[in-house]
Amino acid sequence: MNFYEAVFIVRQDASASHVEAVTQEAVSIIKDNGGEVAKTEFCGLRNLAYPIKKYKRGYYVLLNISIDSNGIKELERKLKLNEDICRFLIVKVEKLDNNPSALMRRTIRDNPQE
């Protein structure tokens with residue numbers, strides 16, 4: 001099994017429950033293909049650097065997963081077909097990081113009272 005970090009952006013007009021449903025769909029694809037999800041982070045609604053499919057904002061979701069290469073191919077195929085996902089990126093890593101991601105650390109630093 002290899003380790004990966006998968007980040008995807010859900011369109012801005014989706015509700016929080018819909019983002020959760022899209023994430024659960026991705027998690028079920030991973031588990032159906034023999035993988036395991038070590039960490040799930042909802043980074044919230046953020047501004048995009050440039051418009052993607054006419055959207056200026058999107059909900060960011062990060063998954064730390066361990067899965068084989070055939071499972072990653074299936075996950076990529078399903079993410080491409082999902083119309084609610086504007087963009088996604090899957091990167092192979094040496095080991096899974098259990099600490100908060102850079103996006104979450106920035107959010108905590110910017111809003112310490114929350």
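The values are calculated or read from the model by the stated rules, or taken from the named source; none is laboratory data. Nothing here was measured: the structure is a model prediction, and the numbers come from that model. Here Cβ is always computed from backbone atoms with ideal geometry, including for glycine, and neighbour counts include all displayed protein chains.
A single entry from Gly44, Gly34, Gly58 fulfils the requirement of being small (Gly, Ala, Ser) and at pLDDT below 90: Gly44.
Has the range 47-56 got at least one residue that is in contact with a helix residue (DSSP H, G or I) (Cβ under 8 Å, 6 or more places away or on another chain) and surrounded by 15 or more Cβ atoms within 10 Å (Cβ to Cβ)? No, because not a single residue in the range 47-56 is in contact with a helix residue (DSSP H, G or I) (Cβ under 8 Å, 6 or more places away or on another chain) and surrounded by 15 or more Cβ atoms within 10 Å (Cβ to Cβ). Kindly indicate whether Glu41 is among the acidic types (Asp, Glu) and in a helix (DSSP H, G or I). Judged against the criteria, Glu41 is not a match. Report yes if Asn2 is surrounded by 12 or more Cβ atoms within 10 Å (Cβ to Cβ), over 26 Å from Asn99 (Cα atoms) and in contact (Cβ under 8 Å) with a residue 60 or more places away in the chain, otherwise no. No; evaluated as a whole, the condition is false for this residue.
Identify, from the list Ser66, Ser28, the residue that is surrounded by fewer than 15 Cβ atoms within 10 Å (Cβ to Cβ) and not hydrophobic (A, V, I, L, M, F, W, C).
Ser28 is the lone residue from the list that is surrounded by fewer than 15 Cβ atoms within 10 Å (Cβ to Cβ) and not hydrophobic (A, V, I, L, M, F, W, C).
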